[in-house]
Each structure stands twice: as structure tokens, then as C-alpha cells.
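Everything below concerns the one structure shown next.
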Amino acid sequence: MITTEITQTAALWAPTALGRIDLAHRVAMAPMTRSRATGEGLVTELTRTYYAQRASLAMLITEGTQPSEDGQGYLATPGIHTADQAKAWSRVADAVHEAGSTMVIQLMHVGRVSHVSNTPHGRTPLAPSAVSAHGDIFTATGTQPMSTPREMTEPDIAQTISDFRRAARLAIDAGADGVELHGANGYLLQQFMSTNANRRTDRYGGDVPGRIRFPLEVAAAVADEIGADRTGYRISPGSPLGDIEEADVAEVYAALIAGLAPLGLAYLHVVHLGDEALLRSIRAGWPGSLVLNRAGADIDRRAGDVQDGLADVISVGSLALANPDLVARIRTGAEMNETDRATLYSGAEHGYTDYPRLAA
């Protein structure tokens, strides 16, 4: 067990709103892939239990959920592009609402972070350019190098934007309070912004305005479909995940934020990797609500970000995963369960819905 020292968390407990999404306080659950969906991309009753258990958090951002068959990169991840998938998510949304929280479905198109055998249709992954990501990915037959993707044509780009739009509509119709666009962690939206994954010379590549065009068009389409006040956008500036390089981090994110700002999105979700000057620049340039994921920081440090106005809401990952009653533990200064890393991406109840609660 580890102990979290709680001394100045009062700033976390004031209610707030992210666009149309009303939050009882300022602590949200970060999106975390758990790889427990069915082969058809359906979330299950176990998923329903998992999220409902964590409903003391003010907003639950779901695991990355593919907006199309092309968007899948990992085994056993859920989708939101069929009627059956939407129906399964509706049961999760109902459980979260009954338990008193809100739920945002994260839309994650992995782009080149995939293997051809991991997609339901066995198709070559799509990406801004036909440049493979260095690294391996787990498949049904073991670990394999990630597949070399196919460069997206402009019709592919138009279809993918339409896929995001339709998935967002399915998510809202299924009862989600909003959607979050996953523009972080080396996936498709960030690949377009990258200086090594995007080698295009057309209007979707090259200079900064070209490399941010696709992410901005996706965000605009989703905001148009479901309302900007139900749309969030996640970024991880400078993250090397997915073999991403961003040679012009400050410039490209300043331009992205300037392009997103007029849309009036519900929030910007920032994965902070240690560059304080960059984080403060993003905060200064973003006119709306900011959700901050300060990886590895203790609760006091995160509460200080809210108190200082650097964040409006904090998102918590592994602590929420391992502590279904995290809010009670923060409020009382109780010990925290440690995360069982061996069960992060496999298994059934163990390491998923069986973490002990304080009452036990």
C-alpha cells in the first residue's frame, strides 16, 4: 500500500461545468485502455460495473473507442460505429448516471499504431503517410512489428472525418454526456501533426497549417454534429509515444489551440509531460476550460494546479483504476491501493472490478 498525503485539496471540491457537462467537483477519471471488449468491439456487463464503481469521480472519460473498423489497433478494444456497440455503451452510460456521475466517450483512431491482423476487416492501417512506427504490438499470434500503413487519400480523409462525426452521434444517442477526441499519445490525429509520421506534400502536410488541418476538420465536424459544448480534445505535446516526433512543439500546438479556440469546445485535455513553460503557454492561449493530466504527480500537486488556475479540472489515471472509491480516499487521506500492472490489459474481474474499497 502507498499513502497519499492530503493537505490542501479544498480547491478540488467546488462544482463546475465543462460546456454542457455539469461536474459535482474537479476530479475526473482519465481515459485508460483496458482491453476487455468482445471480439465484436462490445463493452460488457463487467465494463458497466467497472465504470459504475468509479462514479464518485465527477466525470469518467472512457477508454479509447474506435470510430470505425479502420480505427482499431489493439485487440479487445471497444467500438462505437455499429448499432450493437452503441446499445452496449448505453447500458454503461445508464449505470454511470444512476450512480451520480457523467460519462464522456473517448474517440480513438489509432492510425498506424496497429497491425493488420488486429482489425476486424484485416485491412492495412491508415496513416498520413506510408511510414511505419518503430515498435511492436500484441496480436492474437504474439508480438509483431506494427504494420506499414497506407497513406490516406483525400477521399480516405473525408471518410474518416465522417466516421468521427457518426461515432460522436452514436455516442450521444447512447447516452454519453460528451465525447473526447484523442489527439494524443501518437494516434492518428497527432500523427498528422508529427514531423516524422506526416511526410505529405499536399494540403494536409508540409507546414504547420497543413499538418493541423485534419485534426481541426475532425474537431469542427464533431462539434457541428453534437455541439461544441459536448466535445473535448486531448493533446500530449511532445510525447514520443507511437514513435512520434514533433520538431516544432511550441509552434504546432500554439497553432492547433488557435484553430480549436473559435469552436468553443467543452474542454481541452492536456497530458503534461514536464515542460512547465509549454503548459503555461497552452493555458494562456486556451480561452476555455482546461482538464490537466499531470502524470505521476501526487494529489496535493494536482490540487494546487486547480487552486492556481492552471487547470479547471484534474484527470487521474492509475489512482482511479486501482481505487474505485478514490474520492473518499482523497477526502479522508486514506491509503491508496497499488495498481496491479499485470492485469492492465487482460483478464476478467481480477485487476478490473475487484480492487478493495475502504468499507471492506
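Read the figures in this text as sums done on the coordinates, not as results from a lab. Only a predicted model underlies this, so the values are computations on that prediction, with no experimental measurement involved. Please note: Cβ atoms are built from the backbone with ideal geometry, for glycine as well, and neighbour counts cover all protein chains shown.
Placing unit charges on the Cβ atoms of the charged side chains and taking the dipole of the chain about its Cα centre, the candidate lying farthest along the positive direction among 214, 250, 97 is 97.
Over segment 240-283, the alpha carbon radius of gyration divided by the compact-protein estimate 2.2 N^0.38 Å works out to 1.23. Treat every Asp and Glu Cβ in the chain as -1 and every Lys and Arg Cβ as +1, leave all other atoms uncharged, and give the resulting dipole magnitude about the Cα centre to the nearest 20 debye. The calculated dipole for the chain is roughly 200 debye.
Bridges between two residues of the chain, per DSSP, are antiparallel at a rate of about 20%. Counting only Cβ charges, +1 for Lys and Arg and -1 for Asp and Glu, the dipole size of segment 1-146 around its Cα centre is about 100 debye.
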